[in-house]
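The values are calculated or read from the model by the stated rules, or taken from the named source; none is laboratory data. The shown structure was predicted, so the numbers you read here are calculated from the model rather than taken from an experiment. In this analysis, Cβ positions are derived from the backbone assuming ideal geometry, glycine residues included, and neighbour counts consider all displayed protein chains. Accessible surface is based on the protein model in full, side chains and every heavy atom, while ligands, DNA and RNA are left aside. Shrake-Rupley method; radii C 1.70, N 1.55, O 1.52, S 1.80 Å.
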Amino acid sequence: MTINLPSSLRELWNWPGGEAAGRSAQVKEEPAKRAGDTEQNGLPPRLLAALTCTFALTVTYLFAGAAHALQLTDDRGVVVTLAQPPQRIVSLLPSLTETVCALDQCQRLVGVDRYSDFPASVRALPQVGGGLDPNIEAIVALKPDVVLVATSSRASERLRGLGLAVVALEPKTYADVQRVMLKLGQLLGVADAQRIWRAIDAGVSAAAQSLPASVRGTRVYFEVNPGPYGAGELSFIGETLTRLGVKNILPAKLGPFPKLNPEYIVRANPDVIMIGQRSEDGLAQRPGWSGIRALRELRVCVFPTEQANTLVRPGPRMAEGARLMAQCLSAKAPKNPAAGTQP
């Protein structure tokens, strides 16, 4: 029988070596003196004990590796298992990109979607197209350990079919944002992901406390994009408006981000309108909109693109978004909000 052992083990066990390297070790066989005597196996007791210990350590290591494998369930209900925290990440949703960086793990990103632009360092990363329909070949070429996508992305199944690990997460409410941050913390092996949420919560509360009492009850329409799609009460934007003490004209029954008939906003007659710069053109020319109180009294907050991006991304900068809304309300809210009508 030939047993090849490292030199360190030969020394430990006084195994024949040195000049005899390359030759089979000769083990003297003697009849076992009694039942159970280890020498009946043809190996010296010390060697057998050492090999048994090595085998036990190997098994322990293998089982420990399995025990430390990462396993999480994404927002599609898919269970994703990884052997270890991913070191190469492609993110296809700006809010997820920002959350990875807020967890101090920006260095793990190797590619992002074309809309991920914060923090500034991610602008230097390879862009792999839009989040809904990214460039699959470009993603594969980056050799990611995991791809972060929105649940609405059409690329998930194709990426999984190519053997890539895909985690689908799409926050829409405050509870979603907190849950997604904790899941990403779990995925990345970051212990205190909850600290980001605590900072957001404290920042939103501070923004609410900065507002004068006269702002309470102001009726607000927040337009997400010119669809027009608005932010309803159930959305994270709607929840921020509620915490600021104002009234969202889009009730919960319409869903988080409903597409609206422009006539609906006319009938609701909001006191203040919040829109991004991309929605500004032709606002007063929309049918009936010239009669809306917010337009008549110039109570429209137009946010530059960078600020608008902050406002519509459910991630680490939500407290900053709340401050921007509070500044708008302080400047534009009427002293006597109109009663308005519910469409």
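At-a-glance table
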item: Residue count, segment 208-248 (criterion: small (Gly, Ala, Ser), assigned to a helix (DSSP H, G or I) and over 24 Å from Glu280 (Cβ atoms)); result: 3
item: Top-ranked residue of segment 309-343 - restricted to ones that are touching a Gly at 6+ places or on another chain (Cβ under 6 Å) and modelled with pLDDT of 95 or more, ranked as surrounded by the fewest Cβ atoms within 10 Å (Cβ to Cβ); result: Ala319
item: Qualifying residue in segment 120-128 (condition: basic (Lys, Arg) and at pLDDT 95 or above); result: yes
item: Those residues of segment 146-183 which are open to solvent by 40 Å² or more (accessible area, probe 1.4 Å), closer than 14 Å to Thr99 by Cβ and either in contact with a strand residue (DSSP E or B) (Cβ under 8 Å, 6 or more places away or on another chain) or not aliphatic (A, V, I, L, M) (or both), in sequence order; result: Glu170, Gln178, Arg179, Lys183
item: Members of segment 242-258 found to be of a type in the set (A, V, I, L, M) and under 19 Å from Asn336 (Cβ atoms), listed by number; result: Leu244, Val246, Ile249
item: Selected residue [buried (at least 22 other Cβ atoms within 10 Å of the Cβ) and small (Gly, Ala, Ser)] from Gly245, Gly232, Gly288; result: Gly232
item: Segment 309-324: number of residues that are touching a strand residue (DSSP E or B) at 6+ places or on another chain (Cβ under 7 Å), within 19 Å of Val215 (Cβ to Cβ) and either β-branched (Val, Ile, Thr) or touching a residue at least 40 places away in the same chain (Cβ under 8 Å) (or both); result: 1
item: Search result, residues across segment 249-266 that are assigned to a loop (DSSP other than H, G, I, E, B) and either in contact with a strand residue (DSSP E or B) (Cβ under 8 Å, 6 or more places away or on another chain) or surrounded by fewer than 20 Cβ atoms within 10 Å (Cβ to Cβ) (or both); result: Ile249, Leu250, Pro251, Gly255, Phe257, Pro258, Leu260, Asn261
